[in-house]
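Structure first, then comments.
The values are calculated or read from the model by the stated rules, or taken from the named source; none is laboratory data. All values reported here derive from a predicted model rather than from experimental measurement. Cβ sites come from the backbone with ideal geometry, for glycine too, and all protein chains shown count toward neighbours.
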Amino acid sequence: MIRRILHPSDISRASAPAFVTALRMARANRAELRLVHVLDPNEDVRKAIERALERRAEREARRIRVDVHDGAVTLTGTVHTWAERKSVLAAARFTRGVRSLEDRLKVEPV
């Protein structure tokens, strides 16, 4: 007999069908249903890159946009020097969870 069901969820619409199935199983077995919140891995990667950029003080006034989809990262925006561009790309490239990196950064000297 099932006593407890742990259901991972990112609290999104996409996870709703799985939740309904878990809820039905819990009701049918008179079991306890516990939701376990899991984060979107793309969001984790994006936040890690943004933290790395902020630590390097290269994200002044949110000049760099970070988009992530299934570990594929796209950096868009402007930097002031080639050295800053290189540093930003390195920060993103060496972030855990990054599978590929598309560079759409523009260098616009001050």
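Structure summary
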| item | result |
| --- | --- |
| Verdict on His37 being modelled with pLDDT under 85 and touching a helix residue (DSSP H, G or I) at 6+ places or on another chain (Cβ under 8 Å) | no |
| Residue list for the stretch 76-110, restricted to those being assigned to a loop (DSSP other than H, G, I, E, B) and either free of Cβ contacts under 8 Å to residues at least 12 places away in the same chain or within 17 Å of the chain's Cα centre (by Cα) (or both) | Phe94, Thr95, Arg96, Gly97, Val98, Arg99 |
| For Phe19: the one exception among (1) modelled with pLDDT under 80; (2) surrounded by 11 or more Cβ atoms within 10 Å (Cβ to Cβ) | (1) |
| Unique match (being of a type outside the set (A, V, I, L, M), closer than 30 Å to Ile5 by Cβ and at pLDDT 80 or above) among Arg63, Arg85, Arg30, Arg96 | Arg30 |
| Residue list for the stretch 17-51, filter: over 26 Å from the mean Cα position of the chain (by Cα) and either assigned to a strand (DSSP E or B) or under 30 Å from Gly77 (Cβ atoms) (or both) | Glu32, Leu33 |
| Filtered residues of the stretch 1-16 (kept if modelled with pLDDT under 85, surrounded by 14 or more Cβ atoms within 10 Å (Cβ to Cβ) and more than 16 Å from the chain's Cα centre (by Cα)) | His7, Ser15 |
| Residue list for the stretch 24-50, filter: surrounded by fewer than 16 Cβ atoms within 10 Å (Cβ to Cβ) and of a type in the set (D, E, K, R) | Arg24, Arg27, Arg30, Glu32, Arg34, Asp40, Glu43, Asp44, Lys47 |
| Test: Leu53 is out of contact with any Gly (no Cβ under 6 Å at 6 or more places or on another chain), surrounded by 14 or more Cβ atoms within 10 Å (Cβ to Cβ) and at pLDDT 85 or above | no |
